[in-house]
Structures are given as structure tokens and as C-alpha cells.
Amino acid sequence: MALQSLDVTRRSATTTESPHQRQTAEVAKLIDVSKCIGCKACQVACMEWNDVRDEIGSNVGVYDNPPDLSGASWTVMRYSEVETDRGLEWLIRKDGCMHCTDPGCLKACPAPGAIVQYSNGIVDFHEENCIGCGYCITGCPFNIPRISKKDGKVYKCTLCSDRVAVGLEPACIKSCPTGSLVFGTKEDMKQHAEERIKDLNERGFKNAGLYDPPGVGGTHVMYVLQHADQPGLYHGLPKDPAISLMVSLWKGIAKPLASIGIGLAVLGAFFHYVKAGPVEVDEDTEK
Amino acid sequence: MSNETNLVQRHDANVRINHWVVAIAFVLLALSGLALFHPAFFFLTNLFGGGTWSRILHPFIGVVMFVSFLGLAAKFWKDNHITDADREWQKHLREIMANKARNLPKIGKYNMGQKYVFWTMVITIPALLVSGFIIWQPYFAPAFPIGLVRFAALIHAFAAFVAILTIIVHVYAAIWTRGTFRAMTRGTVTAAWARHHHPGWYEDVSKGVK
């Protein structure tokens, strides 16, 4: 849900222009994994601001709590214990929607206006238009959207589009005690990331880098990773995410081609009738 | 077979009812399925009470179609084996389409075109059922790996496309070939129709072979 309506770049299942009279600066959330202490304040802030509460679950043996994203948990800390050349490392990644420039969810969605992308880069779900088909789940290269068991609609991080629309930063950013989370224009965030990467390089993280995957046109949630060469270490963050070829075929070329094909078949039949006429058998011609 | 009115029984009442259950389900499925396939067809969801209702109803109608199609397939199976006469008939397709066919081979109960429709449905309907289950939210889709769900969505769309084209041909053929429609509504065709289009079958029926 969001407040913007003048700066829409794209709407799901809509073949005409979206209202984009106003152009806003591209924003981004930068998550510096090397600064995260795993306190989950961001998870709490997300619940508070959006006023959603997940069910109280049970301990599944790891710190991840709740164990997965859900209709009410739009961000979840993922804890990975990994061995690197620096020994045992505890990598903690705040998981949630990446707000892709080329959003697979939006591409797959069949419901007009259920998913919108603003010119500031935020990809937002408008649940009142959602029909609960789950196509967005197939479209997402990051495995983020979740169908709510409560209402059958799909939910995910909104990047606090309601707050951003009125000039505030997302709730999670406000809560972060270490400055691991920062928010601003995408350009500023890239610059900030560069400084962070330089610092990490000096501290011996040779492969530190920015995660802003080009396969989805870049994202509006970016990570600074200590081991940017191995994003998989961070709870299976995909190395080169892109919209699946199958989704591209299905919601890319197949969609218009098949529709035209069906239309042509009907027209073809009609004009065949006009040209050749019916096959008639009457008793007289028969004998 | 009734000699007075020169009518030949082609489909009994059970087959006709079965056929129309499949047909009604197919039309509902095509309309609700197309609605979720391309935004140009999204307005069709209004026929079903909106987008969410279309999404909810579609798979249940699909199960109805599959189950009823099983009955139809079992009934039609043995008359749809492809014969040499069918292959010969196919060579005359151009003339047949132009309404100028002469000296066609002795076709049995179904011609090659009808057999194509039958076998296409025999392949696509089970494919639609299986792929449909895999993408069925919220009951079954979460149980399958995401790669399989994506593949199933693609297969579902492709199989549906093939099936819809086939049914367009099927419906048009019934309109084009006069005297055919009553075979599925009244159950009978005229003897002249049977002699002309399905001489092999007409011979069998005349001899009392079922």
C-alpha cells in the first residue's frame, strides 16, 4: 500500500502507460552486513510500523526467528556460520524484498495494478488488487513474496513506501543501532558503499564489494558483503539473480504470441466460412 | 436407426451429456484461464465474480473437466485409432478445406481431423491437470520446488494454448460441416450425412455392427 500515484513507472498486467508526471529520485537501502550485530531491531521496527504481528513460533535450533518470511514478517535476519580463509565467521543478513529495477514479481503478476513500481525504485504490492494466484512467487529470483494464511494475499517489504512518500526513511533504518542500515538516494548509497568497501579492504577483506546485481537491472536494496565473490555464503544469496527464463517465456513472448494466435484462429475460421462456405449434404445431391 | 426419418444414431444420451459437461467446463476454464494469462483478457474475470473468484474457481472446474473427460476418452478411444484410410484422407486435406473433395477414402466413425482433436485432448488435458496441480495456490504449489512451479506454469500455458486452438478448430468444423451439430445435441445424424462423411461407419451401422 502506498500514497504515491503520480510517479508510477510500471503496473502489473497493464499494457498502457502508468501515471508518471512526477519524477522522483531513485532511492536505496544499503545493508552493510559487516556492521550487523543481528539484534533484530529492524524486524521489530518493521512489525511496529506496519502493525503486523506474526504468530509466536517455536525454536527451530538457529537464531533465525521467525524461521522464514511470512505474510506478517516482511524482513527476517538470516544467520549463517561459515568457514572462510579468515576462519569461522558468523554472517548475518537481513533478508527481504530487494526492490529490483526489473521486478520478476511484477512481470509475472496477472492482476492489473496489484504490483506497482514507483519511479523512486520501490516495488509495492497493492493487496486489495491481489488475487492470490502466487505467480509473483514464481517470478521472484530472491524467493521473497509470501501468501498470507490469513487472507490469501501476498505480502512483502514495501520499503516503507508510505514513509518514503512523505520524506521519511524506512522504519528499519530508524531502528538500526550500528548504522548497518542506511537509506538515501541510490547514488549516495553507492558512494557510501564504496567508502565502506575501501575500509573493509584495508581490514583484510580483499573481496569485499557491493551487491547490486545487474541481472535484475540493479536493486533498491543493496548489500555490502565482506565476501562479495561468494554471495551464496549469506544464506544462499544468489550470485547472479535474474528472472527465470521460464517466467520470461511465459509472461514475455508467449503472452502476446499465444493471444494473437488464438485471435487469428477464430478470424481464420470465420473467413474460411466466408470463402469456402459450409459443407452441405442433402438427400438429393447424394443419390 | 430410424428408417422413417432416415436418421442414424451417432451418440447416445450418456455420451452427449458427458461431452457437454466437458465442453461447458472447457469454456469456463478457457475464459478464466485467459483472463489470468494476458491483461487484455482480464475483464473476463468479471464473469466469475472478479479476479480472486476466477483464481479460486478455475482449478476446481479443471478437476471436473479432467474427471468427465476420462469418461469421454474411454468411450471414444477405440474409434480413434489411426488407419490407412485416415492417412489417405489427410492427403486430400487441401481439397476438403476448399470444399472440393472427390473420391475420399472410406472413413470410419471419425475422420483424421476429429482424431487429431481427440489425441490432442488426450495429451493436453492430463498435462493441464498435472501442471495445474503444481501451480495450485494455496493448497499444492507450496509443496513443490520453485523451478518446477515455474516449469509447470509455462507448460500449463502452452498446453492450454494448444487445447484452445484445437477446440476452435473443433467448434468451427462442427459449424462448417452442416448436419454435424445435431449429432451431439439430438444424438442422430441424417443417413445422407453419414454416407457422405463417414461411409465406413455408415456401412457398419447399416449392417448392425456397433
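Quick note: the coordinates plus some simple rules give every number you see, no bench work behind them. Owing to the predicted nature of the structure, the values given are computational and were not obtained by experimental measurement. Cβ: placed from backbone, ideal geometry, glycine included. Neighbour counts: every protein chain shown.
The distance between label points at A:Q230 and B:A40 comes to 5.0 nm (points 7 Å beyond Cα on the Cα→Cβ vector).
With a simple spin-label model that places each label point 7 Å from the Cα along the Cα-to-Cβ direction, the separation between B:A174 and A:Q23 comes to 5.6 nm.
Return the loop-located trypsin sites (Lys or Arg not before Pro) in segment A:181-261 (DSSP other than H, G, I, E, B) with at most 15 other Cβ atoms within 10 Å of their own Cβ; answer none if there are none.
In loop regions of segment A:181-261 (DSSP not H, G, I, E or B), the sparsely surrounded trypsin sites (Lys or Arg not before Pro) are A:R203, A:K206, A:K239.
Loop-located chymotrypsin sites (Phe, Trp or Tyr not before Pro) in segment B:52-155 (DSSP state other than H, G, I, E, B) with a sparse environment of at most 10 neighbouring Cβ atoms within 10 Å: B:Y139.
Taking one quarter of the surface of the C-alpha convex hull of the protein assembly as shown gives a mean projected area of 29.0 nm². With distances taken between every two different alpha-carbon atoms, segment A:246-286 has a Kirkwood hydrodynamic radius of 12.9 Å.
Under 16 Å of direct C-alpha separation, and excluding same-chain neighbours fewer than eight residues apart, B:K109 reaches these aspartates and glutamates: B:D12, B:D79, B:D84, B:D86, B:E88, B:E203, B:D204.
Distance between the C-alpha centres of segment A:195-218 and segment B:79-113: 68 Å, rounded to the whole angstrom. With only Cα atoms counted, segment B:1-140 has Rg and Dmax values of 19.1, 58 Å. Solvent-free Debye calculation, one equal scatterer per alpha-carbon of segment A:1-160: log10 I(q)/I(0) at 0.09 Å⁻¹ equals -0.33.
Just to confirm the number: angle between the C-alpha axis of helix B:112-134 and the first principal axis of chain B, 0 to 90 degrees, nearest 10? Helix B:112-134 sits at roughly 20 degrees to that axis.
What is the helix-to-structure angle for A:41-50, meaning the angle in degrees between its Cα long axis and the longest Cα principal axis of chain A, kept from 0 to 90 and rounded to the nearest 10? Computed tilt is about 50 degrees.
Spin-label pair B:Y139-B:M97: with each label point 7 Å from Cα along the Cα-Cβ axis, the two points sit 4.2 nm from one another.
What's the local net charge at B:W20, with K and R +1, D and E -1, over the other residues with C-beta under 15 Å away? Intermediate results must be reported in sequence, preceding the final value.
Numbers: positive: B:R10, B:R16, B:K75, B:R182, B:R186; negative: B:D12.
Net of charged neighbours comes to +4.
For the pairs A:K150/A:K255; A:K40/A:K150; A:K149/A:K251; A:K107/A:K156; B:K100/B:K207, note any where the Cα-Cα span goes beyond 21 Å. Pairs exceeding 21 Å: A:K150/A:K255; A:K40/A:K150; A:K149/A:K251; B:K100/B:K207.
Note on B:V130/A:K149: beta-carbon distance plugged into 1/(1 + (r/R0)^6) with R0 of 22 Å gives a FRET efficiency of 0.30. Helix B:146-176 and the longest principal axis of the C-alpha atoms of chain B enclose an angle of approximately 30°.
Within the protein assembly as shown, the cysteines lacking any other cysteine Cβ closer than 4.7 Å to their own Cβ are A:C36, A:C39, A:C46, A:C100, A:C109, A:C130, A:C133, A:C140, A:C160, A:C176. Summing Lys and Arg as +1 and Asp and Glu as -1 over all other residues whose Cβ lies under 13 Å from the Cβ of B:M97 gives a net charge of +3.
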